[in-house]
Amino acid sequence: MVVAAAQPNVVQTARGLWLSAALLLVSGLAEVAAAWNRWRPCTVAYDDDAACAAAEDHLHDYAIISEPFEAITLSVVVASIASGLTGIFWLQQALRATARRGGLPRVRVFAGLAGAVSLLVGWQQLVATVTDSLWGVLPYRDGLVLAFVAAAAPLVAALVLAGASRGIARLPWLILAVGAVLGAPIVEFLLLIPFSSSHDSPIGTGYLHGGALLLAAVAFAWVAATARRSADSLPTVLRSAD
């Protein structure tokens, strides 16, 4: 069975899409800015080998705050803003699924979990930086568990929403699914390490997920721009399989 959004709800849905685009745009820009601040000693303009080697140390990894950790203050604070906005985005999707008649229960669960985990990560990043790693730093194994959940929850939520959408409305969710995979620390490491001489964190860590968020923001804006003209473009067409 297919539950379609009524035409009078098109404007309201378009506003929700613009909000999603705005949240992801600012979040993506913040992630890219945090990564740039960490890796700028490695750019041609700076060409500071000692500072670049220091930036590559695993101590400065901030996607998930776990032992051992030493903050690059500006990067981690900006990253915490990105995490918080991403969390708000996913909670928005969970709330929309709750309010929508015939919404998928899986969306509420996984989008809500993705939002909660992202907010937790943002809180960790901020607290660990402000307290100079006294609080907010997880044991290494706990960090691995959180990293898995932080990648898996948005991946599943995005795939469920992509499957529940039609036409171009699938595009932003598919981009977010790819971004969730790229944002997983182990995947990011394996993709970037061939281009880095470091055996610690490869240069460019943080850019992939931030870039995916920016692409998803553009895709949401595109869908929002067409939502008023075509109800077929709305990502609110859900299969009530549950």
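Here's the yes/no breakdown for (1) surrounded by 15 or more Cβ atoms within 10 Å (Cβ to Cβ); (2) touching a residue at least 40 places away in the same chain (Cβ under 8 Å):
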{"site": "Trp135", "(1), (2)": "no, no"}
{"site": "Ala147", "(1), (2)": "yes, yes"}
{"site": "Ala153", "(1), (2)": "yes, yes"}
{"site": "Leu159", "(1), (2)": "yes, no"}
{"site": "Ala162", "(1), (2)": "yes, no"}
{"site": "Arg166", "(1), (2)": "yes, yes"}
{"site": "Ile175", "(1), (2)": "yes, yes"}
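If you go through the range 56-65 one residue at a time, do you hit one that is assigned to a helix (DSSP H, G or I) and aliphatic (A, V, I, L, M)?
Checked against the condition, which is being assigned to a helix (DSSP H, G or I) and aliphatic (A, V, I, L, M), the range 56-65 yields at least one hit.
Which condition breaks for Trp135 when tested against (1) farther than 26 Å from Ala51 by Cβ; (2) of a type outside the set (Val, Ile, Thr); (3) assigned to a helix (DSSP H, G or I)?
All conditions are met except number (3).
Among the residues of the range 180-196, is there at least one that is touching a strand residue (DSSP E or B) at 6+ places or on another chain (Cβ under 8 Å) and either under 22 Å from Glu31 (Cα atoms) or surrounded by 19 or more Cβ atoms within 10 Å (Cβ to Cβ) (or both)?
Checking the range 180-196: not a single residue is touching a strand residue (DSSP E or B) at 6+ places or on another chain (Cβ under 8 Å) and either under 22 Å from Glu31 (Cα atoms) or surrounded by 19 or more Cβ atoms within 10 Å (Cβ to Cβ) (or both).
Across the range 103-141, which residue is farthest from Pro154 (Cα to Cα) among those that are in contact with a Lys or Arg (Cβ under 9 Å, 6 or more places away or on another chain) and of a type in the set (Gly, Ala, Ser)?
So, considering only residues that are in contact with a Lys or Arg (Cβ under 9 Å, 6 or more places away or on another chain) and of a type in the set (Gly, Ala, Ser), the one farthest from Pro154 (Cα to Cα) is Gly103.
Determine which single condition Ile203 fails, assuming it passes every other condition in (1) modelled with pLDDT of 75 or more; (2) crowded, with 17+ Cβ neighbours inside 10 Å; (3) closer than 22 Å to Ala114 by Cα.
Exception for Ile203: condition (3).
Kindly list, by first and then second residue, each pair from a residue in the range 198-224 that is without any contact (Cβ under 8 Å) to a residue 24 or more places away in the chain to a residue that is surrounded by fewer than 24 Cβ atoms within 10 Å (Cβ to Cβ) and in a helix (DSSP H, G or I), limited to pairs with Cβ atoms under 9 Å and residues at least 6 apart or on different chains.
His199/Ile193
Name the residue, out of Ala111, Ala35, Ala63, Ala55, that is closer than 25 Å to Leu144 by Cβ, buried (at least 19 other Cβ atoms within 10 Å of the Cβ), modelled with pLDDT of 95 or more and of a type outside the set (Phe, Trp, Tyr). Don't jump to the end; show me each part of the working.
Values: Ala111 fails: modelled with pLDDT of 95 or more; Ala63 fails: modelled with pLDDT of 95 or more; Ala55 fails: modelled with pLDDT of 95 or more.
From the options Ala111, Ala35, Ala63, Ala55, the qualifying one is Ala35.
Taking Leu161 as the residue in question, decide whether it is modelled with pLDDT of 95 or more and in a helix (DSSP H, G or I).
No: the conditions fail for Leu161.
Among the residues of the range 119-130, is any part of a helix (DSSP H, G or I), under 15 Å from the mean Cα position of the chain (by Cα), in contact (Cβ under 8 Å) with a residue 24 or more places away in the chain and crowded, with 23+ Cβ neighbours inside 10 Å?
yes
I'm trying to understand the selection: among the residues of the range 137-179, which are in contact with a helix residue (DSSP H, G or I) (Cβ under 7 Å, 6 or more places away or on another chain) and among the aromatic types (Phe, Trp, Tyr)?
Trp173 - this is the single residue of the range 137-179 that is in contact with a helix residue (DSSP H, G or I) (Cβ under 7 Å, 6 or more places away or on another chain) and among the aromatic types (Phe, Trp, Tyr).
Just a yes or no: is a residue in the range 92-99 in a helix (DSSP H, G or I), at pLDDT 95 or above and buried (at least 23 other Cβ atoms within 10 Å of the Cβ)?
As a first pass, look at the range 92-99 and keep what is in a helix (DSSP H, G or I): 92-99.
Narrowing further to those that are at pLDDT 95 or above: none.
No, because not a single residue in the range 92-99 is in a helix (DSSP H, G or I), at pLDDT 95 or above and buried (at least 23 other Cβ atoms within 10 Å of the Cβ).
Sort through Val178, Val160, Val187, Val117 and tell me the only one that's aliphatic (A, V, I, L, M) and under 27 Å from Ala51 (Cβ atoms).
None of the other options fit; the residue is Val187.
The values are calculated or read from the model by the stated rules, or taken from the named source; none is laboratory data. Predicted, not measured: the structure shown is a model, and the values here were computed from it. We place every Cβ from the backbone using ideal geometry, glycine too, and count neighbours over all the protein chains shown.
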